[in-house]
Ligand code: PLP
């Protein structure tokens with residue numbers, strides 16, 4: 001099956017007379033009638049569930065579905081994208097070590113590094129991932145690479161395959177946050193990554209109504225990540241997992257439409273009033289276009305960003321004048337939204353770090369929805385106009 005068909009069926013083992021839509025197994029615990037049975041399931045010798053902090057049908061279905069879509073042996077679903085990143089890191093690098101990462105990372109991942117991992121003894125080596133020689137140098141003695149397929153918020157791409165090759169030569173595992181690209185547009189494990197993680201809160205769920213995460217990869221690493229998740233209690237609830245699987249079924253349709261809308265909007269905004277820069281990976285003529293087309297042959301996703309002249313007042317004016325688009329600190333729902341990285345996702349970085357990243361007071365991140373492209377473009381142009 002093509003990924004578009006696989007998303008519709010992934011994780012669902014249909015049997016005769018079973019409901020076509022998977023039931024929600026809304027339970028904290030399962031009953032057993034003998035100790036031996038329980039022991040066999042708890043040891044992992046027999047498939048089954050006994051306590052929903054450890055595993056549950058709906059949560060397992062989400063993990064299996066994303067693993068299947070990414071061509072991974074196994075997956076673990078968690079209570080959030082941050083939990084997916086945390087258990088992924090602790091599976092690959094359980095003891096403090098240097099982590100190689102680009103400055104271009106979701107702000108929450110930086111907070112995890114700064115406020116949790118660095119106090120525990122990890123160090124962070126920040127490198128420009130478009131400079132492969134610099135990456136090679138930073139890998140010496142490192143324990144892990146962390147990066148994003150398409151970065152939040154300025155939608156930059158790096159040569160993931162080359163980075164994974166360099167990391168493999170140095171024996172360093174690679175964790176890729178694939179949230180922005182989704183398993184439909186990129187499958188990092190096929191490019192050599194060790195683990196791929198998602199904030200399923202975003203495109204996988206797709207309707208801004210749940211918080212969840214998924215980490216997929218080889219069976220041993222996922223076993224370690226799942227053990228960590230159950231010890232830390234970063235458990236996903238059955239209903240959220242059910243919603244995320246429901247969202248996954250339409251991911252291929254949504255991501256195709258959003259990719260087309262994002263590209264059309266990026267092109268339209270290039271000449272719009274107060275816009276001094278537009279970021280979209282495959283924007284014709286942009287420096288990243290060729291690399292992005294190679295990495296993301298089926299589309300570059302629904303995220304874009306613009307730089308507005310005039311800083312915060314211009315941004316506030318835009319928000320005040322929108323008729324359809326909303327300001328919201330998340331992304332990837334069916335409706336078009338904008339966010340302001342300085343005030344939201346990257347608020348915990350220093351102004352110097354934000355400036356180094358290219359995040360300014362006038363930077364606006366846009367999540368293209370599934371509305372008609374003409375309506376999205378019209379709303380932006382009227383809101384930016386004089
Ligand atoms: N990774 C990326 C790229 C994100 O944009 C986010 C959230 O915005 C996360 C991870 C964290 O996900 P969650 O909010 O589900 O914990």
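Here, each number is a calculation from the coordinates, and none is a lab measurement. The structure presented is a predicted model; accordingly, all values stated were derived computationally and were not measured. Because the Cβ atoms are built from the backbone with ideal geometry, glycine has one as well, and the counts that use them run over all protein chains shown.
Residue separation times 0.36 nm, minus the C-alpha to C-alpha distance between residue 16 and residue 270: what's the value?
Working: separation 254, 0.36 × 254 = 91.44 nm, distance 5.44 nm.
Between residue 16 and residue 270, full extension yields an extra 86.0 nm.
Per 10 Å bin, what percent of the C-alpha pairs of the stretch 57-210 does each bin hold, from zero upward?
11, 44, 36, 9, 0
So how do 37-45, 160-168 stack up, highest first, on mean other-Cβ count within 10 Å?
Values: 37-45: 13.0, 160-168: 19.9.
Final packing ranking: 160-168, 37-45.
On alpha carbon coordinates alone, what is the Rg over Rh value for the chain, Rh being the Kirkwood radius?
On the way: Rg = 21.0 Å, Rh = 21.4 Å.
Computed over Cα atoms, the ratio is 0.98.
For the chain, take the longest principal axis of its alpha carbons; what is the angle in degrees between that and the long axis of helix 160-169, to the nearest 10 within 0 to 90?
Taking Cα atoms only, the helix is inclined about 50 degrees.
Which three lengths, in whole Å and largest first, does the stretch 1-147 cover when its Cα atoms are put on their principal axes?
Between the extreme Cα coordinates on each principal axis of the stretch 1-147 lie 57, 40, 25 Å.
If I model a spin label as a point 7 Å beyond the Cα along the Cα-Cβ vector, how far apart are those points for residue 246 and residue 378 in nm?
According to this spin-label approximation, the distance is 3.1 nm.
Could you tell me the calculated FRET efficiency between residue 38 and residue 223, based on Cβ-Cβ distance and R0 = 22 angstrom, to the nearest 0.05?
Details: r = 20 Å, r/R0 = 0.90.
Taking R0 as 22 Å, the efficiency between residue 38 and residue 223 is 0.65.
Give me the extension gain from residue 350 to residue 120: residue separation times 0.36 nm, minus the current Cα-Cα distance, reported in nm with one decimal. Intermediate results must be reported in sequence, preceding the final value.
Values: separation 230, 0.36 × 230 = 82.80 nm, distance 2.14 nm.
Gain on stretching residue 350 to residue 120: 80.7 nm.
Within 10 Å, count the other beta carbons around each residue, average over each peptide in 195-203, 85-93, 232-240, and list them highest first. List each step's numbers first, then the result.
Numbers: 195-203: 29.7, 85-93: 25.4, 232-240: 18.9.
For the peptides 195-203, 85-93, 232-240, the packing ranking is 195-203, 85-93, 232-240.
What does the highest-first list of 129-142, 253-266 look like by mean Cβ count within 10 Å?
On the way: 129-142: 16.9, 253-266: 21.4.
The packing order, highest mean first, is 253-266, 129-142.
Restricting to Cα atoms and excluding each atom paired with itself, what does the Kirkwood estimate give for the stretch 251-383 in Å? Please list the in-between numbers first.
On the way: mean 1/r = 0.0668 Å⁻¹.
Over the stretch 251-383, the inverse of the mean reciprocal pair distance is 15.0 Å.
Over all alpha-carbon pairs in the stretch 187-281, figure out the percentage whose distance exceeds 21 Å. Intermediate values should be presented prior to the final figure.
On the way: 2331 of 4465 pairs.
In whole percent, the share of Cα-Cα pairs in the stretch 187-281 beyond 21 Å is 52.
Stokes-Einstein at 37 °C, 0.692 mPa s, Kirkwood radius from Cα pairs: D for the stretch 132-231 in µm² s⁻¹? List each step's numbers first, then the result.
On the way: Rh = 14.3 Å.
It diffuses with D of about 229 µm²/s by this estimate.
Can you tell me which of 189, 304, 112 moves the most in a GNM of the chain? Springs connect C-alpha atoms under 10 Å apart.
The residue with the greatest mean-square fluctuation here is 112.
Just the number: Rg to Rh for the stretch 1-41, Cα atoms, Kirkwood Rh, two decimals. Don't jump to the answer; show the numbers that get you there.
Details: Rg = 15.6 Å, Rh = 13.6 Å.
With Rh from the inverse mean 1/r over Cα pairs, Rg/Rh is 1.15.
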